[in-house]
Structure formats: structure tokens, C-alpha cells
Ligand SMILES: Cc1cc2nc3c(=O)[nH]c(=O)nc-3n(C[C@H](O)[C@H](O)[C@H](O)COP(=O)(O)OP(=O)(O)OC[C@H]3O[C@@H](n4cnc5c(N)ncnc54)[C@H](O)[C@@H]3O)c2cc1C
């Protein structure tokens, strides 16, 4: 067993740290302050140091073809940036091109993947509905009409970036069962309506995606008709590992902030860092983060070996989420009252951390998946 990371990956990790601190964070301020995605930030993501939209897309479709392990090592660092940067990194590199590769026709792959790899087009996934639970019971409908389908339905809470998102995955009931569609944006039958402001992940709003007699060519069916849930859930396993790395990265960031604060703040004549109670908390946080990181690496490594990761991905996501919540709580306490103000980034990270519960399946859903393995 070898736990060391290759030199190349360690170098990428260091470069990513520097990129976040010195380039991405300064460009990201308008996300929180003005709820606006600055063009300079988009330009840096598209054509800056990493040209990062294509990092994981296979080389034959214009990407860099990084393995999961390589990508996640860098993603852990990007998760320390503003939440929008993390969301774009996670969705565009970890998630939204994969269904095309696994389920798309060669024509669909050639049409979309090279443009996703340059960041010319961004994609979004519209699964969750207001009147249905946790993804699976879908009310949206699609009816075949000649050589096209007519979609009707309402999705919400969808992460998308108007002006940049040009492709939306849609899931709707057809005669054969739930079917997956590639919806090009704009489309006359597609209405994008911003949702209420979120608690965290401030920047662009999340969206209601309303399909109102939305016409989609039959050639834009993705995968087999009636097998849309395979497309929807097929992409979720690796995506859970991606979320786990994001959670580890953010937890590490909050621990680092807490350590930095504890080394500077004196109470009753002594630095917080010299108090045993604070040292215990720091030791606990560091140990839990490392355990979460190792679970995530195991899942990533197994994926790169071509192994099934349903259980490992769910475990990695479940545990990293629990660790992140505990760490955010302890890091806030160490900061004292000033940590509760916007004077320190901890307040923003604390809010952002709460979004992970809902991404790629809640804690309850991960436990359902894991328990199946133990009870079968
Ligand atoms: C920041 C953010 C970004 C998002 N981006 C997207 C996106 O891009 N695309 C998209 O489609 N969705 C997106 N979502 C929505 C997200 O996927 C859902 O919120 C999540 O899947 C939970 O579904 P729900 O909100 O319908 O909760 P519900 O299904 O109503 O569940 C409510 C609670 O009950 C629990 N529960 C539900 N069913 C069971 C069960 N069978 N057993 C035990 N407990 C259960 C859940 O775990 C949850 O805690 C996003 C959400 C957030 C917060």
C-alpha cells in the first residue's frame, strides 16, 4: 500500500493553493458583495493559469484527461475559494460532462464535449422538482411529436449561470419511463426564474427552470428512452466523491483559519493556542479531516482502477459532511464573537458549508445506500 502522491500532483496542489489565494479570491469579491459573477473571474477560469474547464474531459474531446485522483487533489484546494468557484469547479469538471461521455452518441459527444472543455458553453443539471422528493419521483412530462419532444415541467434549486449555461440536462416522463434530454439554451419554451436568495453559496442565484411546451429534437435524447434515471444517478457516484473532497478542503480551510486566530488571540494573558482545551479541539479537527480525506482518496483511487464505488462514494460524502459541520462549529467557537461577523471569512465559509447537505444526496440518502450493502 502506497499513500504518497506523485510529485506532479503535489506540484499541481501547490499551484492551485497559490491560484486561489493570489488570483481567484481577489477576483471573487463581487460574488458576495454584489451577487455578480465578474467577467475577469470567468476569463481567469477559462484561459488563466489552469484553463480549468477541460481538466478532466478526455484528450480526444479536447480536454486534459486528468484522472479522478489528480483532479480531486486540486479540487480540495479550489474548495477553499469562494463557494461559486467551488460550485463551478465541482460541476463543470467533476460532473456535467460525464453523462455525455457515458451515454451520448458519438455525434452528441463531438458536438458538446470540446466546447465544454474550453468553457465556451457551461452545462447544468435540472432534476429536483418542487412537488417531488429527492430527485426520483419526477412529474415533468415529455410527449413525442414527429421528430421532436415537447417538454412540460418545473424544476427548482438548479445551479446555473445565465449567459454562460448553454446546455441543460432535463429529466421527464415519456411512454417508456423517465427519459433524459439535452436542452440547448436559449429555447423559446424554457423559462429561467431566479429563486430566493440562499443562505450561503452567494453569487449567482439558483434557478427555477420551467419547461413550457419546450421543443427538443428527438436526436437530443440522451441514452436509452426510459433509462433517464441511469443517466441522472450514474453521474452521482463520482460526484459524491467530488463533494467529499470539497468538504475536506473547506474543513481544512476553517481549521487553518482557527489555528491562525488561536496563535494571535490572547485571553487572560495567554494565547488561545497555548490553552489545552483549544489544543484538544485543534487535534480533534485535524484528525477528523484526515480521516475524511483518506475515505475520499480511497473512493477516487477505486474509481481510477475501474471499480464499483457506490458504497465508498456514499461513505466518503456522508463522513466528510459530518466532519465539515463539526469543524465549522469548533472553528467558529475558537474565533469567539468576532468570528460571527463578516469581518472574518469564517462567517462566509460557515454558511457555505451548510449547502453540502443537499448536494448529491442528503445524509439520509447516503445512509440508505450504505445500509443496503450491510443488510443485503
Ligand atoms: C446549493 C444547492 C445547489 C443545488 N443544485 C441543484 C442542481 O443543480 N440540480 C438539481 O436538480 N438540484 C439541485 N439542488 C437541489 C438538491 O439536489 C435537493 O435539495 C436535494 O436532492 C434534496 O431534495 P429536496 O430538496 O427535494 O428534499 P426532500 O426530498 O423534500 O427531502 C427533505 C428531507 O427529507 C429527507 N428524506 C427524503 N426522502 C427520504 C427517505 N426516503 N428516507 C429518509 N429521509 C428522506 C431528505 O434527506 C431531506 O433531509 C441544489 C440544492 C442546493 C441547496
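Numbers at a glance
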| read-out | value |
| --- | --- |
| Every residue from the stretch 197-221 that is within 15 Å of the ligand (Cβ to nearest atom) and either farther than 28 Å from residue 102 by Cβ or modelled with pLDDT of 95 or more (or both) | 197, 198, 199, 200, 202, 203, 205, 207, 208, 209, 210, 211 |
| Counted residues, the stretch 178-215 - those being in contact with a helix residue (DSSP H, G or I) (Cβ under 7 Å, 6 or more places away or on another chain), surrounded by fewer than 21 Cβ atoms within 10 Å (Cβ to Cβ) and without any contact (Cβ under 8 Å) to a residue 60 or more places away in the chain | 0 |
| Condition met for residue 155 (on the phi < 0 side of the Ramachandran plot, outside any loop (DSSP other than H, G, I, E, B), within 16 Å of the ligand (Cβ to nearest atom) and over 17 Å from the mean Cα position of the chain (by Cα)) | yes |
| Test: residue in the stretch 332-339 that is closer than 25 Å to residue 87 by Cβ and surrounded by fewer than 18 Cβ atoms within 10 Å (Cβ to Cβ) | no |
| Residue tally, condition at pLDDT 95 or above and within 8 Å of the ligand (Cβ to nearest atom), over the stretch 159-168 | 0 |
| Residue list for the stretch 1-15, filter: under 19 Å from residue 249 (Cβ atoms) and assigned to a helix (DSSP H, G or I) | 9, 10, 11, 12, 13, 14, 15 |
| Every pair of residues 6+ apart whose Cβ atoms lie under 9 Å, when the first sits in the stretch 143-156 and is within 8 Å of residue 216 (Cα to Cα) while the second is part of a strand (DSSP E or B) and within 12 Å of the ligand (Cβ to nearest atom) | 151/170 |
| Residue tally, condition in contact with a strand residue (DSSP E or B) (Cβ under 6 Å, 6 or more places away or on another chain) and more than 9 Å from the ligand (Cβ to nearest atom), over the stretch 116-138 | 4 |
| Check on residue 224, within 16 Å of the ligand (Cβ to nearest atom) and assigned to a loop (DSSP other than H, G, I, E, B) | no |
| Among the residues listed as 58, 30, 99, 38, the single one being buried (at least 17 other Cβ atoms within 10 Å of the Cβ) and more than 19 Å from residue 249 (Cβ to Cβ) | 99 |
| Failed item in (1) within 17 Å of the chain's Cα centre (by Cα); (2) in a helix (DSSP H, G or I), with residue 114 passing the rest | (1) |
| Those residues of the stretch 361-374 which are part of a loop (DSSP other than H, G, I, E, B) and near the ligand (Cβ under 6 Å from one of its atoms), in sequence order | 362 |
| Test result for residue 102, outside any loop (DSSP other than H, G, I, E, B), in contact with a strand residue (DSSP E or B) (Cβ under 7 Å, 6 or more places away or on another chain) and either within 16 Å of the ligand (Cβ to nearest atom) or farther than 25 Å from residue 42 by Cα (or both) | no |
| Filter result for residue 77 (part of a helix (DSSP H, G or I), crowded, with 17+ Cβ neighbours inside 10 Å and at pLDDT 95 or above) | yes |
| Single unsatisfied condition, residue 358 versus (1) within 16 Å of the ligand (Cβ to nearest atom); (2) touching a helix residue (DSSP H, G or I) at 6+ places or on another chain (Cβ under 8 Å); (3) closer than 18 Å to residue 239 by Cβ | (2) |
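The values are calculated or read from the model by the stated rules, or taken from the named source; none is laboratory data. Quantities reported herein were computed from a predicted structural model and do not represent experimental measurements. Glycine also receives a Cβ, built like all others from the backbone with ideal geometry; neighbour counts cover every protein chain displayed.
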